[in-house]
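Here the structure is laid out as structure tokens; the discussion comes afterwards.
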Amino acid sequence: MAQFVSSFERITFGERILLGLNFVALIVRYWFHYEATLFLEIFAFALTFLYLPFGFYSIGKPGKEYTYTTGIILGLIYALGIISLLISAANIGSYRYPLIADFFILLIAVLYLVFKMQSDKYPEVFINAQFIRVGYIILCGLVILLK
């Protein structure tokens, strides 16, 4: 449990707020059937901008001896995931295809992280924080698919 808490603390405060607001906007849209997507679009774009250009800050690097390339690449993958959630939530035609493609991209990211964790290149707190982010994107995708 302590390892999960330290992994959750690895996620920045602004990112936690945007993750929560994005999830609340999805829940309000699909469970309470409120059709306005303005809040969902604002929170999703803010989270995407936090991941894509600022992935080096929000995701960070695993340690002092590592570079920021892992954070930037993971930020790109997470930004693609959030954008595919936004496309799916906007009910653009054939919205299931970007989500299915996103699930495969996230599966590749998870397999990459598992192999990195097994080779002990990255600390477990960093890897678990990435699992929390991937799990969040998959959970939001399932909320959209199971509406």
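Some notes on this structure:
- For beta carbons closer than 8 Å, sequence separation of 6+ or different chains, a first residue in the range 26-41 that is more than 13 Å from Lys147 (Cα to Cα) and a second that is polar (S, T, N, Q), the qualifying pairs are Leu40/Asn22.
- Top-ranked residue in the range 33-63 [being outside any helix (DSSP H, G or I) and of a type in the set (D, E, K, R); ranked as farthest from Ile87 (Cα to Cα)]: Lys61
- Residue count, the range 122-147 (criterion: touching a residue at least 24 places away in the same chain (Cβ under 8 Å), loosely packed, with under 15 Cβ neighbours inside 10 Å and not in a helix (DSSP H, G or I)): 1
- Test: residue in the range 7-26 that is over 28 Å from Pro123 (Cβ atoms) and either part of a loop (DSSP other than H, G, I, E, B) or touching a Leu at 6+ places or on another chain (Cβ under 8 Å) (or both): yes
- Test: residue in the range 60-77 that is over 19 Å from Leu113 (Cβ atoms), surrounded by fewer than 17 Cβ atoms within 10 Å (Cβ to Cβ) and not aromatic (Phe, Trp, Tyr): yes
Just so you know, all these numbers are worked out from the coordinates, no wet-lab data involved. Bear in mind the structure is a predicted one, so any value in this text is a computation, not a measurement. Cβ: placed from backbone, ideal geometry, glycine included. Neighbour counts: every protein chain shown.
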